[in-house]
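What follows is one structure encoded as structure tokens, with my remarks underneath.
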Amino acid sequence: MTDFTMAPDTVALARRVRDFVIDKIIPFEKDPRLTQHGPTDGLRDELVALARAEGLLTPQAPVALGGMGFDHATQAAVFEAAGWSTLGPVAMNCAAPDEGNMYLLGRIARPDQVEQFLRPMVAGDRRSVFAMTEPGGAGSDPSQLQTTAVFNGNDYEISGLKWLITGANGARTWIIMARVPENPHGPSGPTLFLCEGDTPGIHIERVMDSMDRNYVEGHAVVRFEGLRLGPTQVLGEVGSALRYAQMRLAPARLTHCMRWLGAAARAQHIALEHARVRTAFGKPLVEHQGVNFMLADNEIAMHQCRLAIRHTAWLLDQDVRARHESSIVKAFVSEELFKVADRCVQILGGIGVTGETVVEMIFRDMRGFRLYDGPTEVHKFAIATQLLRTGTAFAEPT
Ligand SMILES: Cc1cc2nc3c(=O)[nH]c(=O)nc-3n(C[C@H](O)[C@H](O)[C@H](O)COP(=O)(O)OP(=O)(O)OC[C@H]3O[C@@H](n4cnc5c(N)ncnc54)[C@H](O)[C@@H]3O)c2cc1C
């Protein structure tokens with residue numbers, strides 16, 4: 001039997017999160033520290049302090065590390081409620097890339113690495129980066145990785161150029177993907193390294209101008225030159241970076257879907273309120289079928305997204321890898337929610353493209369969602385490959 005009941009505790013928690021976001025976080029959406037390069041660290045610190053005071057910090061991390069320890073199903077409700085403002089996940093320390101990085105570190109970091117890097121992240125005291133994408137190398141296809149980590153028997157010298165590195169400016173926990181070339185001293189292959197952000201040899205060249213501004217400190221171009229890391233700064237095993245990236249991505253894709261569903265629901269709420277009061281041709285917009293069909297299409301899309309998210313969350317909670325399911329849900333939800341945001345802009349008319357409402361920011365912020373953690377086409381490619389190979393797009397029985 002399929003049971004869609006949500007536990008009363010979860011419903012109450014989601015309501016508490018939504019109230020917190022409305023009362024305490026939304027007022028900061030007009031704060032000048034929400035810049036074209038995202039919220040500044042100063043704004044983030046203030047928001048995190050508010051969530052901490054409310055007992056709502058880091059809902060996804062294990063209780064043993066200081067988090068709230070929620071499973072993926074509960075996270076679905078909590079993250080959606082947090083996403084009502086794009087600043088909500090920042091406040092609650094469950095925004096990208098930190099949320100995915102915390103998940104990965106929780107799975108593969110050594111105990112000493114957990115204490116140095118992960119525990120302070122769970123406490124909201126430091127941010128992190130995941131540095132993979134390169135101008136001419138790793139992107140949709142991470143196997144094109146160009147950054148090298150040459151091992152001389154004592155340490156690794158890391159050289160390369162990365163871009164689109166979210167939150168690089170000011171982040172203290174760095175996860176860097178680099179290729180260890182064949183060498184006589186040990187194993188080789190794509191490898192993750194874990195180090196402090198102030199390690200000499202990490203050069204932030206510039207923060208890129210982008211159409212979104214929901215990620216703390218924006219997205220940077222980063223050069224690694226003269227960066228020397230010891231063998232103890234390898235994260236996990238040498239040669240396993242691509243496997244770890246996949247391990248990180250299945251849940252990370254899903255949490256993006258959860259947060260953006262909350263943002264889409266906010267846009268819909270604003271569009272609906274506008275359509276009730278704004279009149280055209282003798283009646284409120286909402287009484288024009290062309291408008292209320294758009295609102296209905298939004299409800300239909302968001303309902304499908306919510307169900308798809310919950311299904312994959314349920315799989316993850318049973319320790320299923322859900323790699324293909326998370327591809328399906330990410331491709332579907334990112335495309336559908338962007339259409340929802342677009343219809344909300346349309347219903348608002350001219351003000352939809354202005355800063356009079358937050359819908360304009362949601363629309364722009366959401367655009368990147370169709371690209372990061374796998375562009376839609378790459379997910380479709382993976383889904384089709386799985387389908388052709390096994391006769392089903394699903395890895396697990398549905
Ligand atoms: C807002 C934002 C934040 C990001 N943050 C980070 C970060 O913190 N760290 C990090 O390392 N990276 C980050 N990225 C980079 C992101 O992971 C890459 O943009 C993504 O992996 C795509 O790589 P690419 O940009 O190099 O595009 P490319 O690999 O050049 O692909 C371009 C386009 O080609 C098409 N394409 C590619 N492969 C296929 C295929 N198999 N079939 C059909 N079409 C295909 C797709 O349409 C794709 O959009 C971020 C990106 C954005 C937009």
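The values are calculated or read from the model by the stated rules, or taken from the named source; none is laboratory data. Here the structure is a predicted model, which means the values were calculated and not measured. Quick reminder, even Gly has a Cβ in these numbers, built from the backbone with ideal geometry, and neighbours come from all protein chains shown.
Out of all the residues in segment 44-59, is one or more on the phi > 0 side of the Ramachandran plot, among the β-branched types (Val, Ile, Thr) and modelled with pLDDT of 95 or more? So that I can check it myself, show each step before the final result.
Filtering segment 44-59 for residues on the phi > 0 side of the Ramachandran plot gives 55, 58.
Applying the additional criterion that residues be among the β-branched types (Val, Ile, Thr) yields 58.
Checking which are modelled with pLDDT of 95 or more leaves us with 58.
So far as segment 44-59 goes, yes, one or more of its residues are on the phi > 0 side of the Ramachandran plot, among the β-branched types (Val, Ile, Thr) and modelled with pLDDT of 95 or more.
Yes/no per residue for (1) touching a Ser or Thr at 6+ places or on another chain (Cβ under 9 Å); (2) under 30 Å from residue 377 (Cβ atoms):
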position: 57; (1), (2): no, no
position: 116; (1), (2): yes, no
position: 121; (1), (2): yes, no
position: 147; (1), (2): yes, yes
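If you go through segment 90-146 one residue at a time, how many are assigned to a helix (DSSP H, G or I), surrounded by fewer than 22 Cβ atoms within 10 Å (Cβ to Cβ) and within 12 Å of the ligand (Cβ to nearest atom)?
3
Restricting to segment 147-177, and then to whatever is near the ligand (Cβ under 9 Å from one of its atoms) and assigned to a loop (DSSP other than H, G, I, E, B), can you tell me which residue is nearest to residue 92 (Cα to Cα)?
Restricting to residues being near the ligand (Cβ under 9 Å from one of its atoms) and assigned to a loop (DSSP other than H, G, I, E, B), the top hit is 167.
Looking for whichever is under 29 Å from residue 33 (Cα atoms), surrounded by fewer than 22 Cβ atoms within 10 Å (Cβ to Cβ) and over 22 Å from the mean Cα position of the chain (by Cα) here; the options are 172, 223. Which one fits? If you could, list the steps in order and put the result at the bottom.
Details: 172 fails: over 22 Å from the mean Cα position of the chain (by Cα).
Checking each option against the conditions leaves just 223.
Which ones in segment 360-375 are near the ligand (Cβ under 7 Å from one of its atoms) and surrounded by 17 or more Cβ atoms within 10 Å (Cβ to Cβ)? Let's see the steps before the verdict.
From segment 360-375, those near the ligand (Cβ under 7 Å from one of its atoms) are 368, 371-375; that's our starting set.
Passing the criteria: 368, 372, 373, 374.
As an exercise: evaluate residue 387 against (1) within 16 Å of the ligand (Cβ to nearest atom); (2) surrounded by 15 or more Cβ atoms within 10 Å (Cβ to Cβ); (3) on the phi < 0 side of the Ramachandran plot and give the number of the one condition it does not meet.
(2)
Return yes or no: is residue 329 touching a helix residue (DSSP H, G or I) at 6+ places or on another chain (Cβ under 9 Å), free of Cβ contacts under 8 Å to residues at least 24 places away in the same chain, of a type in the set (A, V, I, L, M, F, W, C) and away from the ligand (no atom under 16 Å from the Cβ)? Break it down into steps so the answer makes sense when it comes.
On the way: touching a helix residue (DSSP H, G or I) at 6+ places or on another chain (Cβ under 9 Å): yes; free of Cβ contacts under 8 Å to residues at least 24 places away in the same chain: no; of a type in the set (A, V, I, L, M, F, W, C): yes; away from the ligand (no atom under 16 Å from the Cβ): yes.
Considered against the rule, which asks whether it is touching a helix residue (DSSP H, G or I) at 6+ places or on another chain (Cβ under 9 Å), free of Cβ contacts under 8 Å to residues at least 24 places away in the same chain, of a type in the set (A, V, I, L, M, F, W, C) and away from the ligand (no atom under 16 Å from the Cβ), residue 329 comes out as no.
Go through segment 188-219 and count every residue that is over 22 Å from residue 244 (Cβ atoms), assigned to a strand (DSSP E or B) and of a type outside the set (Val, Ile, Thr).
Within segment 188-219, residues that are over 22 Å from residue 244 (Cβ atoms), assigned to a strand (DSSP E or B) and of a type outside the set (Val, Ile, Thr) number 4.
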